[in-house]
Amino acid sequence: MGRDLHNLPGVLDPPPSDLTRSSQSSSHTLWGIFTRKQRWGLSGRGWLLSASVILLFSYFAILNIHPFLAVTHRVNTPVLVVEGWVHKYAIRAGADEFKKGAYEHIFTAGGPIEGGYINDYQTSASVGAEALKKAGISEDVIQMVPSHVNGRDRTYSSAAALRDWLQENNVAVHSVNVLTEDCHARRTQLLYQKAFGKSVAVGIIAVANPDYDPKHWWRYSDGVREVIGESVAYIYAQFFFYPSQSRRDEKPAASPEVSN
């Protein structure tokens, strides 16, 4: 008499699932070559949350990037290394550091001043050594160690030249402090550590640039150039720079030692 309800179309059928609705909403064109499907996207609230996270991250990055780059972390050592290319205010700071600390030796490092290598006296290592003498450091404790490399990777080349000089002159060290300028410090420490290896502790001393306030570096053109340039250079040195290994890299330091 009555028709079976289960046989009627659309009666008691389950509602379409999300997957079914998604597939039904897809459309095909040009004989199925192209297809259009629903996709997830950020809502207005989602965009607002994303922008807030980015702004918060940028705020903390701006506040902390300069202290990260211009790091000072001394180690206990009788050896002070001054990068010869630094400005006079950093040279004076290097002289004061040597006089106040328990240092026995001060080395100046650096490559050719301009163009290719000519001789040791036309290098920033030589310029730094002369500047330290004028700042009151005795010539007897100053040793310039010039690098012959100009151009790319100058900091690493200077560190490698110092490492090789120490090995060739049978002077073993277990730790050094390197003095440099401002935001260059973090990268300098990294590259000196790569040159000397894990057997030598590398301390670092950053001399603040008097031309801008490091707490508000973004307000000064010098500060912006320093931070952006050294940030890029540090990323390169940390993740993309691989020094070539040579026999000198494997040569062990010999005695007599410069004691800690």
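Here is how the numbers come out for the structure above:
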quantity: Flag if Tyr103 is modelled with pLDDT under 95, assigned to a loop (DSSP other than H, G, I, E, B) and open to solvent by 20 Å² or more (accessible area, probe 1.4 Å); calculated: no
quantity: Every pair of residues 6+ apart whose Cβ atoms lie under 8 Å, when the first sits in region 95-115 and is farther than 17 Å from Ile142 by Cβ while the second is among the β-branched types (Val, Ile, Thr) and at pLDDT 95 or above; calculated: Gly111/Thr123; Pro112/Thr123; Ile113/Thr123; Ile113/Val127
quantity: Flag for Gly197 being surrounded by fewer than 20 Cβ atoms within 10 Å (Cβ to Cβ), in contact (Cβ under 8 Å) with a residue 40 or more places away in the chain, closer than 23 Å to Thr72 by Cβ and more than 26 Å from the chain's Cα centre (by Cα); calculated: no
quantity: Per-region count, region 213-225, residues of a type outside the set (D, E, K, R), open to solvent by 10 Å² or more (accessible area, probe 1.4 Å) and in contact (Cβ under 8 Å) with a residue 12 or more places away in the chain; calculated: 3
quantity: Complete set of residues in region 123-152 that are out of contact with any His (no Cβ under 9 Å at 6 or more places or on another chain), at pLDDT 95 or above, open to solvent by 20 Å² or more (accessible area, probe 1.4 Å) and not small (Gly, Ala, Ser); calculated: Val127, Glu130, Lys133, Lys134, Glu139, Asp140, Met144, Pro146
quantity: Any hit, region 119-138, residues being under 23 Å from Tyr242 (Cβ atoms) and of a type in the set (S, T, N, Q); calculated: no
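Yes/no per residue for (1) among the hydrophobic types (A, V, I, L, M, F, W, C); (2) crowded, with 17+ Cβ neighbours inside 10 Å:
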position: Arg154; (1), (2): no, yes
position: Ala159; (1), (2): yes, yes
position: Asp164; (1), (2): no, yes
position: Asn170; (1), (2): no, no
position: Gln189; (1), (2): no, yes
position: Ile204; (1), (2): yes, yes
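The values are calculated or read from the model by the stated rules, or taken from the named source; none is laboratory data. It should be emphasised that the depicted structure is a prediction, and the values quoted were computed from it without experimental measurement. Cβ atoms come from the backbone with ideal geometry, glycine included; neighbour counts cover every protein chain shown. All accessible areas refer to the heavy atoms of the entire protein, side chains included, with ligands and DNA or RNA removed. Shrake-Rupley method; radii C 1.70, N 1.55, O 1.52, S 1.80 Å.
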